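A.B. asks: Let me begin by handing over the structure; questions about it come next.
The values are calculated or read from the model by the stated rules, or taken from the named source; none is laboratory data. Keep in mind it's a predicted model, so treat the numbers as computed, not measured. Here the Cβ is made from the backbone with ideal geometry for all residues, glycine too, and neighbour counts use every protein chain on show.
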């Protein structure tokens, strides 16, 4: 009897720890991202309700979530195309995301742009453009501006391994390094840029190997462990906030899909998918949470159920959102129409 | 004392930096060296390295960083060493800066200064007049002053504008053009053309350095009794269509004249608008005079043959007047 009581107390204590709290947040946002993207990719896209390209971050949810947890609420984020969780963490609703994909007024760009090409400056979220790594110089400039203004916020910018081949990546990092701008760079190294494997993308073994060339520190982290990414993100954020300049974090992971919903990824050896399916960041975290006593399997099941219901409601909300009125076509090209 | 076109731009930048602590400059060699053409000379001493940022040779990063800084509430003025190198930052300008307001309601108030134009023996990579690339991109404003007074008034308006502005400074005008400037804080609005010279018989619609060529040509044909009106557009985007059409309705004949190459040049757009909207007023075809469709050559004989000049314009004016 006493033993049972003691065990319950221990579990109770563990579940109240800061680690448990962090893990619960991580699990919540990874699950939300997974659920929202599953609906987009496997239902709404196939039903023809979602238009244009669909690029999801299945299996890579730990990266935006770990990084987002390491950011302060007033830090400025530059998500890339597999970082949906960052939007959720900053309070963008799943309904707004579905509406964005459906080209409705309720999306963040009011139908002006599609899929994850979205941002909201009031939430510290800067929208990407399609050219990979183009955000890096922009993020460098935002970081320079924060320093200019004497604010202690930092900027986090996200990109894939393929993006590190572009000149913008190199120019942006170099400028930020020279200026000691408060910038943390997160590389989602999922080993494929569309169909091109890493060894055809670069001749060095790691993206992190490039950092010494710019005189900045870098570290490599397990890209499927949100808590490890959080820890690395905290180190990077502290470094940047102390005025020491940019910090690069390479998150090693794997793209569990094609480049986009229309890409069956036949070029990826099946064996790689099988190996990496054992590393699902959500399954791994759930297992650890149960082992550590941070949550029960029942609580986790409830979380999934709650997110499923909320996602259903969000889709309904988005489908009620109207398409933009064609009469608004020419608005907002300039501050004043002329 | 008369102020040069170059000094006018510098004065405008000084005044805007004094007025607004959010204004800062970034670019290659703009600090201790004062810029390739010395437009920013003296700025570093006055404002320090925080507000006068010497950058690596990275046009894409310069423009990208300006966009990012504008999102954070600053007012960046980026210098391209030559307008020719703006192509290295093209994606940031046409895909990022130009589209942010439309896409996600994030204005990018910034100025990209671009020393442009030929006549300085700069060859194919230091002479181009590439404004049409940007006039073809919705979301950008395109400004090309011809006079010292306008250079100052327009740079001040550009810095204050809430949209991205590409500001083309003609290198051949930097030290050749000077005048007494109005005292105090004045601006010249974007989107308002100037009737540089009034006339009755024929309109020459032009901008940038060619305004002065047109003025000289007009003085020559005036002796033959031909009264030529010279319209200085000052900005291509926004375009002051009203002033163009009013002039053509008055004179019934129009030559569109620019230093940029002919095909796909902005002159074609102006000619089309005149024919669409003032056709019934025309007493002859809308004619164009522009550089031929070649790169800008280096050797003096070739460059002279390339550049539009007073003789070529006078011949074109006589041809149209006789139509």
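A.B. asks: From the list A:92, A:136, exactly one residue is within 14 Å of another protein chain (Cβ to nearest Cβ) and within 25 Å of residue A:302 (Cβ to Cβ). Which is it? Break it down stepwise before answering.
C.D. replies: On the way: A:136 fails: within 25 Å of residue A:302 (Cβ to Cβ).
So the residue among A:92, A:136 that is within 14 Å of another protein chain (Cβ to nearest Cβ) and within 25 Å of residue A:302 (Cβ to Cβ) is A:92.
A.B. asks: How many of the residues in the range A:95-111 are facing another protein chain (nearest Cβ under 9 Å) and in contact (Cβ under 8 Å) with a residue 24 or more places away in the chain?
C.D. replies: 1
A.B. asks: Which residues, counting only those in the range B:154-180, are away from chain A (no Cβ under 14 Å), over 16 Å from residue B:39 (Cβ atoms) and touching a helix residue (DSSP H, G or I) at 6+ places or on another chain (Cβ under 8 Å)? Explain how you work it out, then say what you get.
C.D. replies: Restricting attention to the range B:154-180, the residues satisfying the condition of being away from chain A (no Cβ under 14 Å) are B:154-156, B:159, B:167-180.
Applying the additional criterion that residues be over 16 Å from residue B:39 (Cβ atoms) yields B:179-180.
Listed by number, the list holds a single entry, B:179.
A.B. asks: Working carefully through the options A:56, A:65, find the one that is out of contact with any strand residue (DSSP E or B) (no Cβ under 9 Å at 6 or more places or on another chain), closer than 27 Å to residue A:316 by Cβ and not in a loop (DSSP other than H, G, I, E, B).
C.D. replies: Residue meeting the stated conditions: A:65.
A.B. asks: Then there's this: Give the range A:139-148 a look and list any residue that's facing another protein chain (nearest Cβ under 7 Å) and surrounded by 24 or more Cβ atoms within 10 Å (Cβ to Cβ), or say none. Give the steps one after another, and end with the answer.
C.D. replies: From the range A:139-148, those facing another protein chain (nearest Cβ under 7 Å) are A:139-142, A:144-146, A:148; that's our starting set.
Within the range A:139-148, A:139, A:140, A:141, A:142, A:144, A:145, A:146 qualify.
A.B. asks: Right, here's the next one. Please enumerate the residues belonging to the range B:23-46 that are surrounded by fewer than 20 Cβ atoms within 10 Å (Cβ to Cβ), at negative phi and more than 23 Å from the chain's Cα centre (by Cα).
C.D. replies: B:32, B:33, B:44, B:45, B:46
A.B. asks: Is it true that residue B:64 is at pLDDT 95 or above and in contact with a helix residue (DSSP H, G or I) (Cβ under 6 Å, 6 or more places away or on another chain)?
C.D. replies: Values: at pLDDT 95 or above: yes; in contact with a helix residue (DSSP H, G or I) (Cβ under 6 Å, 6 or more places away or on another chain): yes.
Answer is yes for this residue.
A.B. asks: Just give me the residues in the range A:309-338 being surrounded by 14 or more Cβ atoms within 10 Å (Cβ to Cβ) and more than 14 Å from chain B (Cβ to nearest Cβ), in sequence order.
C.D. replies: Across the range A:309-338, the qualifying residues are A:310, A:311, A:314, A:315, A:317, A:318, A:319, A:321.
A.B. asks: Looking only at residues that are surrounded by fewer than 19 Cβ atoms within 10 Å (Cβ to Cβ) and assigned to a loop (DSSP other than H, G, I, E, B) in the range A:210-241, which one is nearest to the chain's Cα centre (by Cα)?
C.D. replies: Filtering first and then ranking leaves A:217.
A.B. asks: Does any residue in the range B:149-165 that is without any contact (Cβ under 8 Å) to a residue 40 or more places away in the chain come within less than 9 Å, Cβ to Cβ, of a residue that is buried (at least 24 other Cβ atoms within 10 Å of the Cβ) and part of a strand (DSSP E or B) six or more places away or on a different chain, and which pairs are these?
C.D. replies: Listed pairs, sorted by first residue: B:157/B:143; B:157/B:165.
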